[in-house]
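Please read the structure below before turning to the comments.
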Amino acid sequence: MEKPPINPYILIFIGVISVSTSAIFVKLSSAPAGVIAFYRLFLSALMLLPFFLTKHRKELKSISSKDYILMTVAGIFLAFHFILWFESLHYTSVASSTVLVTLQPLFAFIGTYIIYKEKITAKMIISGIVAITGSVIISWGDFNVSKIALWGDILALVACALITGYLLFGQTVRKRVTLVTYTFLVYLISAITLFFYVIVNNETLFPYPSIEWLYFFLLALLPTLLGHSLFNWSLKWISTNAISMAILFEPVGATILAYYFLEEKIVWTQIIGGTIVLFGLTIFLSKRKNTSVD
């Protein structure tokens with residue numbers, strides 16, 4: 001395998017910091033979840049379009065039918081990940097939603113077992129139980145405040161499963177397709193999926209005040225192009241599990257930003273539950289020492 005031009009972990013760190021801003025912009029926006037998700041992916045694809053047309057469009061002919069199918073599924077998964085996660089933020093706190101949606105390693109564990117037939121060990125099962133216990137504590141804290149918040153937690157968990165599938169497909173395709181082509185096509189497929197979702201739900205794509213367009217643009221630029229695109233780049237050299245582990249630090253950044261910019265309080269159940277989640281996932285990933293993509 002070719003040597004990466006830049007240390008992937010440096011870019012993953014930048015990506016984690018970038019995606020930590022996502023929940024803040026979604027909370028600040030008053031647009032429907034489907035509209036926010038559509039413009040996030042549509043504007044991201046639009047910004048990538050000049051790079052794709054000038055240097056990468058000829059690559060389309062060399063992509064196999066299998067990879068086109070995998071990218072299509074990945075794009076649809078990404079679209080519904082954003083829909084469900086954005087919806088969850090209307091019901092629960094930034095801290096709870098972000099912690100739950102970053103449980104990718106647990107779903108990655110299930111996905112790699114089903115797809116790649118990886119061995120399940122007792123240590124992995126125990127770490128999974130610990131992490132799930134932390135999730136229950138987080139949800140229980142919201143349940144005591146409002147039953148509606150528990151629904152937001154459930155949406156965040158489903159969104160988590162979808163983003164894991166997106167990363168698993170990407171790990172396979174990125175071995176053969178360049179970053180610009182892969183991200184452009186996946187973001188475009190996601191945007192098309194979200195467009196039909198918005199139309200079916202009778203949501204309005206325009207007009208919106210200037211501040212909303214600023215939020216749409218920042219969502220495309222920071223958490224998507226500087227976040228997800230850097231994760232997609234890293235998938236060529238780093239495994240999905242390693243990236244999922246790094247993303248676990250997103251709740252820390254998101255919670256701090258929410259505290260300062262949204263004046264959102266942090267309750268003790270979120271702190272305890274989030275700590276247990278991170279502890280359980282750390283145990284789980286400590287067993288998986290091979291972090292490179294073969």
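Observations on the model:
- Restricting attention to the range 161-199, the residues that are of a type outside the set (A, V, I, L, M, F, W, C), modelled with pLDDT under 90, open to solvent by 20 Å² or more (accessible area, probe 1.4 Å) and part of a helix (DSSP H, G or I) add up to 2.
- When the helices (runs of 4 or more DSSP H) confined to the range 200-290 are screened for residues that are more than 14 Å from the chain's Cα centre (by Cα) and closer than 12 Å to Val19 by Cα, those reaching at least 3 such residues are found at 250-261.
- Screening Leu46 with (1) over 21 Å from Phe196 (Cα atoms); (2) open to solvent by 40 Å² or more (accessible area, probe 1.4 Å) gives one miss only, at (1).
- Test: residue in the range 146-160 that is exposed (fewer than 15 other Cβ atoms within 10 Å of the Cβ) and modelled with pLDDT under 75: yes
- Residue in the range 200-223 that is modelled with pLDDT of 90 or more, buried (at least 24 other Cβ atoms within 10 Å of the Cβ), over 14 Å from Gly15 (Cβ atoms) and aliphatic (A, V, I, L, M) present: yes
- In the range 61-77, the residues that are under 19 Å from the mean Cα position of the chain (by Cα) and either open to solvent by less than 60 Å² (accessible area, probe 1.4 Å) or modelled with pLDDT under 95 (or both): Leu70, Met71, Thr72, Val73, Ala74, Gly75
- Against the test of being open to solvent by 60 Å² or more (accessible area, probe 1.4 Å), in contact with a helix residue (DSSP H, G or I) (Cβ under 9 Å, 6 or more places away or on another chain) and either more than 22 Å from Phe261 (Cβ to Cβ) or at pLDDT below 95 (or both), the options Lys27, Lys58 yield a single qualifying residue, Lys27.
The values are calculated or read from the model by the stated rules, or taken from the named source; none is laboratory data. Small disclaimer: the values here were computed from a predicted structure and weren't measured. Virtual Cβ from ideal backbone geometry, glycine too; neighbours counted across all protein chains shown. Just the protein is used for accessible areas: all its heavy atoms, side chains included, with ligands, DNA and RNA removed. Shrake-Rupley method; radii C 1.70, N 1.55, O 1.52, S 1.80 Å.
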